[in-house]
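Okay, so here's the structure we're looking at.
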Amino acid sequence: MSFKNRLARLTAVLIAVSISFSVAPSAQAANPKGLFGQSDPTYDGVFRQSLAIMSLVAAGSKVPPAAQLWLVKQQCPNGGFEAFRADTDAECNPSDAVNYSGIETNSTALAAVALAAIGKPVKARKAVEWLKSAQRGSGGIPYFKGGTPDAASTALALIAAKSVGLDQTAFAVGEKNLVSFLRTVMLDCGYEKSARGALAYSKSNPLFASPMTTSQALAALSGALQEPVKTAEQPRSMICPEGGKPTRLQDIRNANASFIASTLTARNGVMPSEYGSGDDWGSTAWAVIGLAGSGYSNKTYSSAVIALRNNLNTALAYSNNEVNPGRAALVILAVKAAGLNPAKFGNKNLLAELRGTLN
């Protein structure tokens, strides 16, 4: 497979997983019982299921037993998760960084969080242990074991670690850990002011700001999906120290938050798409989760909440009169982080909409 084709395939996978676009159902894997959503789960089944479970737990809503069982059955004996396994009695495919197939870190990370949320700590810890085995010498986590580390996978791994009571120091190779890796891909004072504090998806020269990655990282650094911080703190523009990058965790978090808040202000509450022009509602939801969960004033994210409410049908990515469950789950998590009621958001009951997608 050529580099161009591999890059195109990886981009398609990232779009399917991180942004949760709908995909047409396949004949082989249509509508497994207990799965949320009618779309083909090949690339995002575990990811969207985990988000759905997380959002229901966060909202204090009962998670259907069939949905819990579906996720449990997807786990491989070594603790990891593929994006989707049509036959859970068959052997799991090993993580393959060349062909972008098999067990992968993003699905495993969110599955760990979901398993912890529904009271399955042993299974959650086993998933986190597999994630630890994928860590590279740089401290970062790749999408597939043996691949190049990226900040999005690293942030999701940190969220998973915190869900079972661990932090970045439990994921360390020598003196390098999850947070120190995130720091290496931060855009510092050598970049335009509007980009400072953002994280790039992966190392490159120059670095390119990734709104989605930065928002996920802020949620990870603050523990927003576990125990939201309750402060009146406001993000401050990055101070440019000697060397150009903050070193303390709280300063890294502040730099992320400053980039996100200023981006929302400049774009009327909507984060931009990383895959061309336009808006990214999944990234916008993550931005609210990160800012609100970090304890920043609602002034930093109120425009995003308003934008989500005013564009709810688009944000929920309807297809065939059904919400996209992964996107709906993100919006529910954002609404809860903002202290609002997802059962009465805009003109919709988001919990009922999500539950209505269960097969």
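The values are calculated or read from the model by the stated rules, or taken from the named source; none is laboratory data. The model shown is predicted, which means the values in this text are computed figures rather than measured ones. Note that each Cβ is placed from the backbone with ideal geometry, even for glycine, and that neighbours are counted across all protein chains shown. What goes into the accessible areas is simple: the full protein's heavy atoms, side chains included, and nothing from ligands, DNA or RNA. Shrake-Rupley method; radii C 1.70, N 1.55, O 1.52, S 1.80 Å.
Remarks
- Ala83 vs. criteria open to solvent by less than 20 Å² (accessible area, probe 1.4 Å), touching a residue at least 24 places away in the same chain (Cβ under 8 Å) and within 25 Å of Arg253 (Cα to Cα): no
- Meets criteria (surrounded by 15 or more Cβ atoms within 10 Å (Cβ to Cβ), in a helix (DSSP H, G or I) and not polar (S, T, N, Q)) for Ala292: yes
- When region 344-354 is filtered for residues that are in contact with a Leu (Cβ under 8 Å, 6 or more places away or on another chain) and open to solvent by 30 Å² or more (accessible area, probe 1.4 Å), the ones remaining, listed by number, are Gly346, Asn347, Lys348, Glu353.
- Residues of region 135-150 that are in contact with an Asp or Glu (Cβ under 8 Å, 6 or more places away or on another chain) and hydroxyl-bearing (Ser, Thr, Tyr): Tyr143 alone.
- Scanning region 103-135 for residues that are under 20 Å from Leu56 (Cβ atoms) and either touching a His at 6+ places or on another chain (Cβ under 6 Å) or assigned to a loop (DSSP other than H, G, I, E, B) (or both) gives Ile118, Gly119, Lys120.
- Ser277 meets each of the listed conditions (1) over 20 Å from Thr184 (Cα atoms); (2) modelled with pLDDT of 90 or more apart from (2).
- Residue in region 136-149 that is most open to solvent (accessible area, probe 1.4 Å), counting only those that are within 30 Å of Leu69 (Cβ to Cβ) and part of a loop (DSSP other than H, G, I, E, B): Lys145
- Total residues in region 318-353, condition under 20 Å from Ala219 (Cβ atoms) and either touching a Phe, Trp or Tyr at 6+ places or on another chain (Cβ under 9 Å) or part of a helix (DSSP H, G or I) (or both): 17
- Criterion (in a helix (DSSP H, G or I) and in contact with a strand residue (DSSP E or B) (Cβ under 9 Å, 6 or more places away or on another chain)) met by exactly one of Ala307, Ala287: Ala307
- Some residue of region 59-72 being assigned to a loop (DSSP other than H, G, I, E, B), under 26 Å from Ser180 (Cα atoms) and of a type in the set (A, V, I, L, M): no
- Boolean, Val335 is touching a strand residue (DSSP E or B) at 6+ places or on another chain (Cβ under 8 Å), within 27 Å of Ser50 (Cα to Cα) and either open to solvent by 10 Å² or more (accessible area, probe 1.4 Å) or not hydroxyl-bearing (Ser, Thr, Tyr) (or both): yes
- Residue within region 124-140 that is out of contact with any strand residue (DSSP E or B) (no Cβ under 6 Å at 6 or more places or on another chain) and under 20 Å from Ala255 (Cα atoms) present: no
- Residue within region 256-264 that is open to solvent by 10 Å² or more (accessible area, probe 1.4 Å) and either touching a Gly at 6+ places or on another chain (Cβ under 7 Å) or in a loop (DSSP other than H, G, I, E, B) (or both) present: yes
- Taking the conditions (1) farther than 21 Å from Arg327 by Cβ; (2) of a type in the set (Asp, Glu); (3) surrounded by 15 or more Cβ atoms within 10 Å (Cβ to Cβ) in turn, Glu104 satisfies each one other than (1).
- Of all residues in region 169-223, those that are without any contact (Cβ under 8 Å) to a residue 60 or more places away in the chain, part of a helix (DSSP H, G or I) and open to solvent by 20 Å² or more (accessible area, probe 1.4 Å) total 5.
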